[in-house]
Amino acid sequence: MALDQSFVGRTYPPTEPYEVGREKIREFAEAIGDANPAYTDQEAAKELGHPDVIAPPTFVFAITFKAAGQVIEDPQLGLDYSRVVHGDQKFSYTRPVRAGDRLSVTSTIEAIKSLAGNDILDIRGEVHDASGEHVVTAWTKLVSRAPEGV
C-alpha cells in the first residue's frame, strides 16, 4: 500500500541533545579507516582553526538516522520497515561537528513517491547545536520495497 502523500511536509519534534564526545569521534574515524589527525588530535584540529577535534563528515549519520526513527516508527505513516533499504544519503554543512557539541535533530518528510510499486521516502534532518546554530542538514532516502507479486 502506498504511503500517504499528506505526510509530505510533516515535521517531528527535535530530539533530545546528543553530546558529541572525543572518544566517539576517534572510534568512528578508526572504524571508517580515516587517519586525519583533526579527528583525534586536539592540537592538529586547533592548527586548522577548530576549537577541538572534529568529526568525519559521515559521523552525523548516526544521529540523524536515529532521529529519523520518529518518522519510521510513526504508526500513522504505516511504513513497513522490514521492507526498507537505504537508498541515498547527502549532507550540507554550515560547520564541522566538533567534540563537545550538543546536537538536536528536527526531521521533516520532504517527499513521498511511488515508483514501480516501491515507496520512496525522503527525510530531511536539520541539526542544530545547543545555541540554536545550524550545523548540518542531512537528507536520507529510504526505499520501501513492494511486496512480492506486486
From (1) among the aliphatic types (A, V, I, L, M); (2) loosely packed, with under 14 Cβ neighbours inside 10 Å; (3) under 17 Å from the mean Cα position of the chain (by Cα), pick out the condition that doesn't hold for Ala2. (3)
Looking at region 54-67, is at least one residue part of a loop (DSSP other than H, G, I, E, B) and either within 30 Å of Leu3 (Cα to Cα) or out of contact with any helix residue (DSSP H, G or I) (no Cβ under 6 Å at 6 or more places or on another chain) (or both)? no
Pairs, please: C-beta under 8 Å, at least 6 apart or cross-chain, first residue in a loop (DSSP other than H, G, I, E, B) and in region 81-106, second among the basic types (Lys, Arg) and surrounded by 13 or more Cβ atoms within 10 Å (Cβ to Cβ)? Ala99/Arg22
List pairs: first residue in region 134-146 and more than 16 Å from Arg83 (Cα to Cα), second residue surrounded by fewer than 17 Cβ atoms within 10 Å (Cβ to Cβ) and β-branched (Val, Ile, Thr) anywhere in the structure, Cβ distance under 7 angstrom, at least six positions apart or on different chains. His134/Thr94; Val135/Thr94; Val136/Thr94
Would a scan of region 118-128 turn up a residue that is at negative phi and either surrounded by fewer than 15 Cβ atoms within 10 Å (Cβ to Cβ) or in a loop (DSSP other than H, G, I, E, B) (or both)? no
Give all pairs with beta carbons closer than 7 Å in which a residue from region 17-30 that is in a loop (DSSP other than H, G, I, E, B) meets a residue that is buried (at least 16 other Cβ atoms within 10 Å of the Cβ) and β-branched (Val, Ile, Thr); count only pairs at least 6 apart in sequence or on separate chains. Val20/Val97
Cβ-Cβ under 7 Å, sequence separation 6+ or interchain: first residue in region 46-75 and more than 16 Å from Ala99 (Cβ to Cβ), partner assigned to a helix (DSSP H, G or I) and aromatic (Phe, Trp, Tyr). Which pairs? Ile72/Tyr81
Looking at region 30-39, can you tell me whether even one residue there is under 22 Å from Ala138 (Cα atoms) and in contact with a Ser or Thr (Cβ under 8 Å, 6 or more places away or on another chain)? yes
Taking region 68-93 on its own, how many of its residues are more than 15 Å from the chain's Cα centre (by Cα) and either surrounded by 12 or more Cβ atoms within 10 Å (Cβ to Cβ) or closer than 27 Å to Val53 by Cβ (or both)? 7
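Since every read-out is calculated from the coordinates, none of them should be taken as a lab result. Everything quoted here is computed from the prediction, not taken from an experiment. So basically every Cβ, Gly included, is an ideal-geometry build from the backbone, and we count neighbours across all protein chains shown.
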